[in-house]
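Read through the structure below, which is laid out as structure tokens, and then see the notes.
The values are calculated or read from the model by the stated rules, or taken from the named source; none is laboratory data. The model shown is predicted, which means the values in this text are computed figures rather than measured ones. Cβ atoms come from the backbone with ideal geometry, glycine included; neighbour counts cover every protein chain shown. We work out accessible area using only protein heavy atoms, side chains counted, and drop any ligands, DNA or RNA first. Shrake-Rupley method; radii C 1.70, N 1.55, O 1.52, S 1.80 Å.
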Amino acid sequence: MPAGRPGPAAQSARRPPPLLPLLLLCVLGAPRGGSGAHTAVISPQDPTLLIGSSLQATCSVRGDPQGPTAEGLYWTLNGRRLPPELSRILNASTLALALANLNGSRQQSGDNLVCHAQDGSILAGSCLYVGLPPEKPFNISCWSKNMKDLTCRWTPGAHGETFLHTNYSLKYKLRWYGQDNTCEEYHTVGPHSCHIPKDLALFTPYEIWVEATNRLGSARSDVLTLDILDVVTTDPPPDVHVSRVGGLEDQLSVRWVSPPALKDFLFQAKYQIRYRVEDSVDWKVVDDVSNQTSCRLAGLKPGTVYFVQVRCNPFGIYGSKKAGIWSEWSHPTAASTPRSERPGPGGGACEPRGGEPSSGPVRRELKQFLGWLKKHAYCSNLSFRLYDQWRAWMQKSHKTRNQDEGILPSGRRGSARGPAR
Amino acid sequence: MSQREGSLDFQADSSISPLPLLEAKIHQTHSLARLLTKYAEQLFQEYVQLQGDPFGRPGFSPPRPPVAGLSAPGAGHAGLPLPERLRLDAGALAALPPLLDAVRRLQAELNPRTALLRRLEEAARRARALGAALEAVLAALGAEPREPRPEPAAAAAAAAAAAAAAAGAFPAKLLGLRVCGLYRDWVSRTEADLGQLVPGGPA
């Protein structure tokens, strides 16, 4: 036994009493040094109340007749002394309190209502739990990463502010059979979320709902019915590479790999590319790259650094007809277009949405023409590659012509200059 | 190690001289105590904040009877011989873990899903670790072992926690305040006492 005042627990051969009740008896009932054996009892003890309701409480002193009487007692709530007009002496040993129109509790462990003796010492305490019952949670959304798990998120009713600790429990079961299960891994993607890591069935719908419970009641969300295959997402495409297309000043080639976790299922997957100029925050998006793993961005500015990202939607997994869920964007990859003397076009894409008509439709028509030529004419070595080579040659010869004629980038003619000093 | 007031009297026998390894162990244990003193203060502050006012307010003076099996370091503690002080420190550190566990169970009802619960668990582990390290130092120095104290069984403590929850939220808050305060006081006391064992430490 540490030195100091002798503790109440005697060093005896008897089995020691249960720890906590003894601890609490010591806290509540043991004599304070020099103050005599007197405590009090507050009633009600730890009540739960609705916001706006009233409370009638009493503090009854017990102990020796020489101890405090109701005359000298006073109340505090969360450390603030309550006005005397709220109190009333019921009898020699009991002080009553009337509180009206209560506000929500300041902390989830309860508001501290304390009965004090005249000298300020604490005689008793009770914790008030003032709040609201939970409202119905709503807006449940779920997704499955690579068909292996399920994560769900929801919005608490009434924006979650009940002033009381409210427990949210995500429940799920197979639609036509099976028992209710409770999700166990909470707060995985925010305060109102839960993650089910394993043992999920495919090809059969689940029913999912959220139950909210606090001291004042409970509420249950509507049931969401879903098939895991309809809410699949996956990892961003790995190994995204962006490179120049020969000497073409307005193009970059983007290549990537299908997300490996679902690579055997991505027949109908869709990809989306977004890109932006280095010092801009505005992304341009290329939609519906279908299930290719490469794309050529065209109509770009020459001599400019571009950041590019790709994401995947595993649409059509196991025949699912639902829209699918886009993955996160891949890490940005950067590359620059070759420099040019003449100003380049504004910007475009390999499949622009409302993009420049000079780029997309022209190339599409050219592709069709080349395809027709191969079938109907003896032009077996004609190809898009040949067309791009021709473009590069055109740009070079345009550059050379400008230099010979002393034409500046703006199109103005300039004079020859001597060596720099 | 030079003789000075408060230094280790049982070093007088020249056949028992501190090995470099022992000195390192003492340093290490002292450093651990210093670190845990900081953590214990943080735990105390976090605890009072979650219980709400008036807990943590200056001048808040709730009842402070001794908790069963453990009281605060007495006023006379500093005047005791160093070996005795270290033994009392070790005894207190051994008594604290079940108390901290009991407070954690009560706070699981009062403040569920808060970081406080993890901190209380960590505090119990740290008290065990510091107590074991201190016992090892005492054993290496040839000090008499402290008297064994009866430990409540985990199941009995769990049942007691359930019973205690029925006593009311405010008494449960007071209990936790007392235990967190004792933890802080004893860890700080251990740091100070070990500091006198460290070569070059305060007299």
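What the table shows:
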{"read-out": "Relative frequency of Cα-Cα separations exceeding 20 Å in the range A:39-131, percent", "value": "29 percent"}
{"read-out": "Summed side-chain charge close to B:D53 - residues other than B:D53 whose Cβ falls under 14 Å, Lys, Arg +1, Asp, Glu -1", "value": "+4"}
{"read-out": "Accessible area per residue in Å² at 1.4 Å probe, computed on the range A:234-337", "value": "47 Å²"}
{"read-out": "Stretch gain in nm, segment A:D239-A:T182, where the contour uses 0.36 nm per residue and the Cα spacing is subtracted", "value": "16.7 nm"}
{"read-out": "Length gained when the stretch A:L50-A:E278 is fully extended (0.36 nm per residue, less Cα-Cα span)", "value": "76.5 nm"}
{"read-out": "Listing of the range A:100-119 residues, each with accessible area lower by at least 30 Å² in the full protein assembly than in the chain alone (probe 1.4 Å)", "value": "A:Q107, A:Q108, A:S109, A:N112"}
{"read-out": "Summed residue charge, Cβ within 12 Å of A:L95's Cβ, Lys/Arg positive, Asp/Glu negative", "value": "0"}
{"read-out": "Radius of gyration and maximum dimension Dmax of the range A:138-232, Cα, Å", "value": "13.2, 42"}
{"read-out": "Size of charge dipole - the range A:234-337 - debye, nearest 20, with Cβ of Lys, Arg +1 and Asp, Glu -1, no other charges", "value": "260 debye"}
{"read-out": "Low-density loop positions, trypsin sites (Lys or Arg not before Pro), the range A:252-316 - DSSP coil, at most 12 other Cβ in 10 Å", "value": "A:K263"}
{"read-out": "Rel. contact order, % - alpha carbon contacts under 8 angstrom, at least six apart, the range A:39-131", "value": "39 percent"}
{"read-out": "Summed residue charge, Cβ within 9 Å of B:A92's Cβ, Lys/Arg positive, Asp/Glu negative", "value": "-1"}
{"read-out": "Using a Förster distance of 51 Å, the FRET efficiency for B:A108-B:E23 (Cβ separation, nearest 0.05)", "value": "0.75"}
{"read-out": "Over 18 Å between alpha carbons, listed pairs A:K173/A:K198; A:K148/A:K270; A:K270/A:K301; A:K173/A:K322; B:K38/B:K173", "value": "A:K148/A:K270; A:K270/A:K301; A:K173/A:K322; B:K38/B:K173"}
{"read-out": "Pairwise FRET efficiency - A:L82 versus B:E41, Cβ, R0 = 22 Å, nearest 0.05", "value": "0.10"}
{"read-out": "DSSP bridge pairs, the range A:39-131: antiparallel proportion in percent, nearest 5", "value": "90 percent"}
{"read-out": "Relative contact order (%) - the range A:135-204, alpha-carbon pairs under 8 angstrom, separation at least six", "value": "32 percent"}
{"read-out": "Cβ neighbours within 10 Å from other chains - mean over A:189-197", "value": "0"}
{"read-out": "More than 21 Å apart - percent of Cα-Cα pairs taken over the range A:234-337", "value": "33 percent"}
{"read-out": "Cα-based shape type of the range A:161-208, given that a ≥ b ≥ c are square roots of the gyration tensor eigenvalues and the cut on a/c is 1.5", "value": "prolate"}
{"read-out": "Nitroxide proxy distance, nm - points 7 Å out along Cα→Cβ at B:A140 and A:F138", "value": "6.6 nm"}
{"read-out": "Residue mean of other protein chain beta carbons inside 10 Å, B:81-91", "value": "1"}
